[in-house]
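Right, one structure below, let's go through it.
The values are calculated or read from the model by the stated rules, or taken from the named source; none is laboratory data. A quick note: this is a predicted structure, and the numbers were derived from the prediction, not measured. Note: ideal-geometry Cβ built from the backbone for every residue, glycine included; neighbour counts use all protein chains shown.
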Amino acid sequence: MNLRLSASVILTRSFPHQIFFSPTCQPIRIPMCEVVARCFCERSNNATICWQCGGTIRERAESVLCPHCRRLQPLPAHADYFSYFGLDDPAGAATTIDETELKRRFRRMQSLVHPDKFAGRDERERNFSEQHSTFLNNAYRTLREPFARAQYLLELLETLKIDGAAAASSSADRSTTTAAAADVADERMVEDSAVAAEMMELMESIEQMAPDSAAIGQRLGELDLEMYRLLRRANDQMAARDLSEARQTLRRLSYLRRSRRLLEAKRSGERWSGEHSNA
């Protein structure tokens, strides 16, 4: 299974060679870089066995029902949001989808796994339905929003990096994997501290601004442009597997989003509170 969707982009079937970004404004079409299509390494196409009839089920996107007895299957332990929505192409061609298609797939999956459909089934299937429904809603909420999608993709890529280290290490030397995970954690601490210090200065400067609509409007425009640039940069960094830099870029973007909300609150005369500060 080859996952083909990149972090901050949604590809469209009508334009297979274009990328559409949609950070805070209307989507912008730019040429697609070949490396973006390689955001995930190939995963095995293993088969599973239906818990009810014992039939063989190929692990493919949207194969939530057994093709033999139509019983709902448990959510795979390795499921990710992209493959769950069928954003892959086993044949090797680039999978493409637009936001309308994403919504259509969401509704189709919802019709398959919604708990109301399994009210009369046994407890096992009802539990499976709850698991699928929760996962589906979380996946759709994440994939439809560029920043959340970028963050999620980064987490997946970092997991693949650590899993790759585990596969490469011998069974006698599992400390390599532990060290890789520790290195990632250490890098995050250093990067987050540096970015946090820089962004705190920005937050303080915004707090000192007079609630002048023209000045705030200009600053909002500047922030929107910078957020768009950071989203593109993060996408390029993840496509190049520069995960450390991508995390720092997304961290910076997170602070800019918070700064933007602070500006919006100042312009509308609302009181800024800590509960609004989550990225």
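The set of residues in segment 234-253 being part of a helix (DSSP H, G or I), without any contact (Cβ under 8 Å) to a residue 40 or more places away in the chain and surrounded by fewer than 19 Cβ atoms within 10 Å (Cβ to Cβ) consists of GLU245 alone. Quick check on my filter: what residues within segment 207-223 are surrounded by 15 or more Cβ atoms within 10 Å (Cβ to Cβ) and out of contact with any Asp or Glu (no Cβ under 8 Å at 6 or more places or on another chain)? Once the filter is applied, which keeps residues that are surrounded by 15 or more Cβ atoms within 10 Å (Cβ to Cβ) and out of contact with any Asp or Glu (no Cβ under 8 Å at 6 or more places or on another chain), segment 207-223 yields ILE216, ARG219, LEU223. Of all residues in segment 180-207, those that are in the same structural domain as SER259 (by TED's automatic domain parsing) and at pLDDT below 75 have Cβ atoms under 9 Å from Cβ atoms of residues that are of a type in the set (Asp, Glu) and assigned to a helix (DSSP H, G or I), 6 or more apart or on another chain, in VAL184/GLU158; GLU191/GLU245.
Regarding ALA210, is this residue of a type in the set (Gly, Ala, Ser) and assigned to a loop (DSSP other than H, G, I, E, B)? Yes. The residue of segment 125-160 that is surrounded by the fewest Cβ atoms within 10 Å (Cβ to Cβ), among those that are within 16 Å of the chain's Cα centre (by Cα), of a type in the set (D, E, K, R) and more than 12 Å from LEU250 (Cβ to Cβ), is ARG141.
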